[in-house]
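Q: So that we are looking at the same thing, I have put the structure below in structure tokens.
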Amino acid sequence: MTAFAQTRRELVIGMAGTAALAGLSPKAAAQTKVRLVVVGGGFGGATAARFLKQLLPNASVTLVEPDTDYYACPFSNLVIAGLRELEAQRFGYDGLRARGIDIVHERATDVDPVAHTVTLGSGAMLSYDRLVLSPGVDFIWGAIEGYDEAAAQVMPHAWKAGAQTALLRRQLEAMKDGGLVVMSVPPAPFRCPPGPYERASLIAHYLKTRKPKSRLLILDAQDKFSKQPLFEEAWAHLYPGVIERLGADDFGRVIAVNPAVRTLATDFENVTADVANVIPPQKAGEIAQRAGVADMTGWCPIDPITFGSALQPDIHVLGDATIAAPMPKSAFSANLQAKLCATQIARVLAGLAPEPTFLANTCYSYLSDDAAVSIAGVYTNEGGKLKSVEGAGGLSPSGSDPVIQGNEALQAAAWFRTITEQTFG
Amino acid sequence: MQAVSAALGVVTLALLLAGCGSVPSWPDERSAAAIPALDHGATLSLACSGCHSPAGGAIPSLEHRPAALIRQSLMDYKAEADGTTVMHRMMRGYSEADIDAISTYLARSATP
């Protein structure tokens, strides 16, 4: 908190100094705005831009995002399984623009944390008083031998939604009945911990209803996984004989692939797939490394009260890129962290100290077209450390109750409508 | 509010040092706009608006609900030991004082 207060003083003094050095007229100096730059237009960054502008209407807020269309990852597993159209995942930035946020459709290629500048792909530079980085994840190409960007065109990851989502769906549609689908799941941490198992459930739903002689094999670098008892119960109940999973203890970790013949190698065997979905190991988005906010793990340590970087001043980091466990890398987490970060920045600029609060998370996972389960968590950031609140949170009940799971599927759909409207609307 | 006044003093001083004779309008406007949205109830309630909105459908909107009604619903979720919904699981983590702060904030805020 002391460091944060000091940063605020530096910000104020810095602004004054800038005006003086530039020889601005009193009128121009009076119009000097706090410059807030957000990099990354996903659930973290877009939400941060919106709430910063809402809380600080006189600040200049710039959102840097290369793509004009954003394809949401939550619900994209339904697209892969043919239960939803990709178009329903597409969001744009007109809503944020209408709120007075400057949208710059370029890639941020570098950050100078000392000069307080962001370099764009065009070579242009943006100066900031505060920078919010929400870069999501990047893949560690080559961590699985043979798996690079070219291989992903044959064995899609579909772990960033859009063209990859459509590709995996087309491959499933083109596969013969009786085919073998293989999924490779990376070691934790990765974006959306229950995501691979929701995907497995929905692919199994597609196979059962459309290609019933086909099978799904999950080669998993993890032993235990999110919502495991609920997924395993659903697989036995809904898709008996369709899904087989080999965890790390069963030599399930994929160490190499050969896209030319669609084989995946573990320490124990080579498997030839008709459709292969390889979810690669992950790290914070590249700009985090450039900005010096990622540590040796490849992820970004933060102060969970402000989501300020633990490594660089005046930079905040949100969402999947952060080390925020036990908060998972989820859209809900990124959206909430963004709102909290914006609030704390506004508090500091209003002369209030950042204050601890409770955070929460909810993740729904579909088991089939009309059944879902959830995990919830409540977290405290008291003392600058994120901890789960004991006695709170946890999983939906076991027992495959169709009423409870049907209600959770409807709640999941409501959640998606609300969070995407809050983020992009 | 004392802290706010002090901060505005710093801004004023800084701008005077910069050769600016008058206080810019934005600190006053900004502070006035921002502070009601920055209290303890407001930060606690940030977790609600990811799911609850008029757009929701199966998840009810919290707009235009009196504080007493919100408070009673949240306390019921907290108390029902055999409840299975996300709200039951979440509210077990919040104290009665937290629930009071959340209810008060949500009731006075049209857009939580």
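The values are calculated or read from the model by the stated rules, or taken from the named source; none is laboratory data. Only a predicted model underlies this, so the values are computations on that prediction, with no experimental measurement involved. So basically every Cβ, Gly included, is an ideal-geometry build from the backbone, and we count neighbours across all protein chains shown. The protein model used for the area step is the full one, side chains on, heavy atoms only, and it has no ligands, DNA or RNA in it. Shrake-Rupley method; radii C 1.70, N 1.55, O 1.52, S 1.80 Å.
Q: Give the ranking of A:MET296, A:MET125 by solvent-accessible surface, highest area first, calculated with a 1.4 Å probe.
A: Output order, biggest surface exposure first: A:MET296, A:MET125.
Q: Nearest 10 degrees, 0 to 90: what angle lies between the long axis of helix A:43-55 and the longest principal axis of chain A (Cα atoms)?
A: It is inclined by approximately 30 degrees.
Q: Figure the gain on full extension for A:ASP370 and A:LYS224 (residue separation times 0.36 nm, minus the Cα-Cα span) and round it to one decimal in nm.
A: Extra length from A:ASP370 to A:LYS224 when fully extended: 50.0 nm.
Q: Still on this model: Calculate, axis by axis, the spread of Cα positions in the protein assembly as shown along the three principal axes, and write the results as whole Å, longest axis first.
A: Answer, in whole Å and largest first: 80, 55, 37 Å.
Q: So, with +1 on the Cβ of K and R and -1 on the Cβ of D and E, and no other charges, what is the size of the charge dipole of the stretch A:285-354 about its Cα centre, to the nearest 20 debye?
A: In debye, rounded to 20, the stretch A:285-354 gives about 180.
Q: Further question on the same structure: With the convex hull built on the Cα atoms of the stretch B:63-112, state its orientation-averaged projected area in nm².
A: Orientation-averaged projected area of the Cα hull: 3.2 nm².
Q: Sticking with this one: If you put +1 on each Lys and Arg Cβ and -1 on each Asp and Glu Cβ, how big is the dipole of the stretch A:207-348 around its Cα centre, in Debye rounded to 20?
A: 600 debye
Q: Under the rule a/c < 1.5 gives rounded, and otherwise a/b versus b/c splits prolate from oblate, where does the stretch A:210-255 land using the Cα gyration tensor?
A: oblate
Q: Work out the mean other chain Cβ neighbour count within 10 Å for the residues of A:409-416 and drop it here as an integer.
A: Per-residue shielding by partner chains comes out at 5.
Q: What accessible area, in Å² to the nearest ten, does a 1.4 Å probe give for A:PHE190?
A: Probe radius 1.4 Å; accessible area of A:PHE190 about 10 Å².
Q: I'd like to know which of A:LEU207, A:MET183, A:GLN164 lies farthest towards the positive end of the charge dipole of the stretch A:146-217, counting +1 on Cβ of Lys and Arg and -1 on Cβ of Asp and Glu.
A: Value computed over the given set: A:LEU207.
Q: Taking the alpha-carbon centroid of each part, what is the distance from the stretch A:57-83 to the stretch A:90-153 in angstrom?
A: Measuring centre to centre over Cα atoms gives 13 Å.
Q: Going from most exposed to least, what order do A:ILE323, A:ILE279 have by accessible area with a 1.4 Å probe?
A: Putting A:ILE323, A:ILE279 in descending order of accessible area: A:ILE323, A:ILE279.
Q: Same structure, new question: Calculate how steeply helix A:195-210 sits against the longest principal axis of the alpha-carbon atoms of chain A, using the helix alpha-carbon long axis, and give the answer as 0 to 90 degrees to the nearest 10.
A: 40 degrees
Q: Let me ask something else. Quick one: angle between helix A:331-349 and the longest Cα principal axis of chain A, in degrees between 0 and 90, rounded to 10, please.
A: Tilt relative to chain A: about 10 degrees.
Q: How much accessible area does A:LYS283 have with a 1.4 Å probe, in Å² rounded to the nearest 10?
A: 50 Å²
Q: A follow-up question, please. Separation between the A:THR117 and A:LYS387 pseudo-spin-labels, each 7 Å from Cα along Cα→Cβ, expressed in nm?
A: 4.4 nm
Q: Just from its helices, what would the mean residue ellipticity at 222 nm be for chain A, if runs of 4 or more DSSP H residues each count -39500 (n - 2.57) and the sum is divided by every residue, rounded to the nearest 500 deg cm²/dmol?
A: Taking each H run of at least 4 residues, the total per residue is -10000 deg cm²/dmol.
Q: Next question. Dipole size in debye (nearest 20) for chain A around its Cα centre, Lys and Arg Cβ +1, Asp and Glu Cβ -1?
A: That gives chain A a dipole magnitude of about 940 debye.
Q: Considering only protein heavy atoms, what per residue accessible area in square angstrom results for the protein assembly as shown with a 1.4 angstrom probe?
A: 39 Å²
Q: On to the next question. What does the charge add up to near A:ARG50, with Lys and Arg as +1, Asp and Glu as -1, over the other residues with Cβ less than 10 Å from its Cβ?
A: After counting each charged neighbour, the total is +3.
Q: Taking K and R as +1 and D and E as -1, what net charge do the other residues with C-beta under 10 Å from the C-beta of A:LEU246 add up to?
A: -3
Q: Now for a separate question. Say each of A:ASP69 and A:ASP148 gets a label point 7 Å from the Cα, pointing the same way as Cα to Cβ; how far apart are those two points in nm?
A: Between A:ASP69 and A:ASP148, the label points sit 2.8 nm apart.
Q: Based on alpha-carbon centroids, what's the gap between the stretch A:385-425 and the stretch A:321-377 in Å, whole number please?
A: So the two Cα centres are separated by 13 Å.
Q: Report the local net charge at A:PRO326: Lys and Arg +1, Asp and Glu -1, summed over other residues whose C-beta lies under 13 Å from its C-beta.
A: Counting the neighbours of A:PRO326, the net charge comes to +2.
Q: Another question, then. Can you give the FRET efficiency for A:GLU286 and A:ASP94, using 1/(1 + (r/R0)^6), R0 = 30 Å, r = Cβ-Cβ distance, to the nearest 0.05?
A: In this case the efficiency is close to 0.65.
Q: Related question: Which percentage, to the nearest 5, of the DSSP beta bridges contained in the stretch A:45-143 is antiparallel?
A: 75 percent
Q: Then there's this: Provide the percentage of antiparallel DSSP beta bridges, counting only those with both residues in the protein assembly as shown; round to the nearest 5.
A: Roughly 50 percent of the DSSP beta bridges within the protein assembly as shown come out antiparallel.
Q: Follow-up. Using only the heavy atoms of the protein chains and a 1.4 Å probe, how would A:GLU390, A:GLU198 rank by accessible area, largest first?
A: Heavy-atom accessible area, descending, gives A:GLU390, A:GLU198.
Q: Report the label-to-label distance for A:ASP110 and A:GLU233 in nanometres (one decimal), using points 7 Å from each Cα along the Cα→Cβ vector.
A: For the pair A:ASP110/A:GLU233, the computed spacing is 5.4 nm.
Q: How much accessible area does A:THR32 have with a 1.4 Å probe, in Å² rounded to the nearest 10?
A: 30 Å²
Q: Also: Percent of accessible area on chain A owned by carbon and sulfur, 1.4 Å probe?
A: Summing carbon and sulfur atoms, their accessible area is 53 percent of the total for chain A.
Q: Working out 0.36 nm times the residue gap between A:ALA260 and A:ASP401, then minus their Cα-Cα distance, what length gain in nm do you get to one decimal?
A: Using 0.36 nm per residue and subtracting the Cα-Cα distance, I get 46.4 nm.
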